[in-house]
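The values are calculated or read from the model by the stated rules, or taken from the named source; none is laboratory data. Bear in mind the structure is a predicted one, so any value in this text is a computation, not a measurement. No Cβ is skipped: glycine too gets one built from the backbone with ideal geometry, and neighbour counts run over all protein chains shown.
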Amino acid sequence: MAGQPFPVDPVLTGIAVAFKNGELIADQVMPRLEPRLTAETFKYMVFGFDQTITIPDTKVGRKSEPNIMEFGGTEVTGATADYGQDAIIPIADIMQAPAGYDPEAFAVQQLTNIVELDREKRVADKTFNPLSYPTTNREVLSGTSQWSHADSKPIRAVTDALDSMVMRANVAVMGRLAWSQMRQNPNVLRALTTSGVADGLADKRAVADLLELDDIVVGSGFANAARPGQPAVRYRLWGKHCALIRREKIVSSMGEVPTWGWTAQFGTRVAGSIDEPKIGLRGSRRVRAGESVAEVVSAPELGYFFQNVAA
């Protein structure tokens, strides 16, 4: 690409674009804007919901003018950030690679996985951050109210939350351990069976239909908290929480379609390689993969957060 000091390889970029970790849900929670941005900076509008539901005097006299309505919004400027990783591949490794194995292509896949995992953590941290929601749209559960307790009533809790929102959420986002407890909750199971059976596992689609949700998205990804060279310390990226959000898969930064959050992306994912003659006896190749994105919570009031739904 002209003007770029690091050459972009179309083949490696194609691998980066096509590679997808099926366990990650960031794109389902904060969908990417379409079309992609052509500049790193962008603007989006924040509109007050109350102005759209305030009923003025609409009566017009025979010779009078209709009352004038004024709609205002706040324009917010944002910018994408660059996220990427490099890998060094000795020329000797490339020369001795077995048939059918491309060290550069493999490196791009692994680098893309790391970049995606980092994005997963950022989205999980935003989604499960109480400050991403108004104070009236968040609860901290404890004791018998936690969905892991047999006496709790998750269906009623979620229904009451949905009914309290200015625009009803259509997606529930949960960590794996939170969903596992909800689907085993006796009151959830009784609500799904005519016989009142309180044992077993509730089907995700059945629970979504019962709650009138389009989907229940469950985050199962792991990350390693240990430093390189230390024994692995695995932890769940998505904690024991539940977020109810309004999600539109095709979104615009100008707010034509209201949605809790979205992702701005500058251009497409990039991948390429350059020579590193100073590393290794025969030199090496430096491989890079990354993307430029920004995760935006554009309408906090279109979400509701249950913290610590499981013990």
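Which of the numbered conditions does Ala150 fail, given that it passes all the others? Conditions: (1) among the aliphatic types (A, V, I, L, M); (2) surrounded by fewer than 17 Cβ atoms within 10 Å (Cβ to Cβ); (3) at pLDDT 95 or above; (4) closer than 23 Å to Gln28 by Cα. Result: Ala150 fails condition (4) only. Exactly one residue out of Asp151, Asp93 is over 30 Å from Ser298 (Cα atoms), touching a helix residue (DSSP H, G or I) at 6+ places or on another chain (Cβ under 8 Å), in a helix (DSSP H, G or I) and without any contact (Cβ under 8 Å) to a residue 40 or more places away in the chain: that is Asp93.
Among the residues of segment 57-87, those that are polar (S, T, N, Q) and in a strand (DSSP E or B) comprise Thr74, Thr77, Gln85. Summed over segment 154-199, the residues that are free of Cβ contacts under 8 Å to residues at least 12 places away in the same chain, over 27 Å from the mean Cα position of the chain (by Cα) and surrounded by 12 or more Cβ atoms within 10 Å (Cβ to Cβ) give a count of 2.
Each row is one residue, and each column tells you yes or no for (1) out of contact with any Asp or Glu (no Cβ under 6 Å at 6 or more places or on another chain); (2) surrounded by 11 or more Cβ atoms within 10 Å (Cβ to Cβ); (3) modelled with pLDDT of 85 or more; (4) closer than 30 Å to Thr268 by Cβ.
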{"residue": "Arg32", "(1), (2), (3), (4)": "yes, yes, yes, yes"}
{"residue": "Arg36", "(1), (2), (3), (4)": "yes, yes, yes, yes"}
{"residue": "Phe42", "(1), (2), (3), (4)": "yes, yes, yes, yes"}
{"residue": "Ile53", "(1), (2), (3), (4)": "yes, no, no, no"}
{"residue": "Ser64", "(1), (2), (3), (4)": "yes, no, yes, no"}
{"residue": "Phe71", "(1), (2), (3), (4)": "yes, no, no, no"}
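Within segment 246-254, can one find any residue that is more than 25 Å from Asp151 (Cα to Cα) and free of Cβ contacts under 8 Å to residues at least 60 places away in the same chain? So far as segment 246-254 goes, no, none of its residues is more than 25 Å from Asp151 (Cα to Cα) and free of Cβ contacts under 8 Å to residues at least 60 places away in the same chain. If you check Val60, Val76 for being at pLDDT 85 or above, more than 37 Å from the chain's Cα centre (by Cα) and surrounded by 10 or more Cβ atoms within 10 Å (Cβ to Cβ), only one passes: Val60. Among the conditions (1) part of a strand (DSSP E or B); (2) in contact with a His (Cβ under 9 Å, 6 or more places away or on another chain), Val309 misses just one, which is (1).
Residue-wise test of (1) surrounded by 19 or more Cβ atoms within 10 Å (Cβ to Cβ); (2) of a type in the set (A, V, I, L, M); (3) over 30 Å from Gly48 (Cα atoms); (4) within 19 Å of the chain's Cα centre (by Cα).
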position: Ala226; (1), (2), (3), (4): no, yes, yes, no
position: Gly229; (1), (2), (3), (4): no, no, yes, no
position: Trp260; (1), (2), (3), (4): yes, no, no, yes
position: Gly283; (1), (2), (3), (4): no, no, yes, no
position: Glu291; (1), (2), (3), (4): yes, no, yes, yes
position: Ala294; (1), (2), (3), (4): yes, yes, no, yes
position: Gly303; (1), (2), (3), (4): yes, no, no, yes
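For first residues located in segment 106-118 and closer than 19 Å to Ala294 by Cβ, partners that are in a helix (DSSP H, G or I) and lie 6+ apart or on another chain with Cβ distances below 6 Å form the pairs Thr112/Ala16. Among the residues making up segment 31-56, those that are over 17 Å from Glu75 (Cα atoms), assigned to a loop (DSSP other than H, G, I, E, B) and among the charged types (D, E, K, R) are Glu34, Arg36. Restricting Leu177, Leu162, Leu189 to residues that are under 21 Å from Leu117 (Cα atoms) and part of a helix (DSSP H, G or I) narrows the list to Leu177. Here Pro130, Pro103, Pro98 are screened, and the one residue that is touching a strand residue (DSSP E or B) at 6+ places or on another chain (Cβ under 6 Å) and closer than 30 Å to Gly283 by Cβ is Pro103.
Scanning segment 238-258 for residues that are assigned to a loop (DSSP other than H, G, I, E, B), modelled with pLDDT of 90 or more and not aromatic (Phe, Trp, Tyr) yields Gly239, Lys240, His241, Arg246, Arg247.
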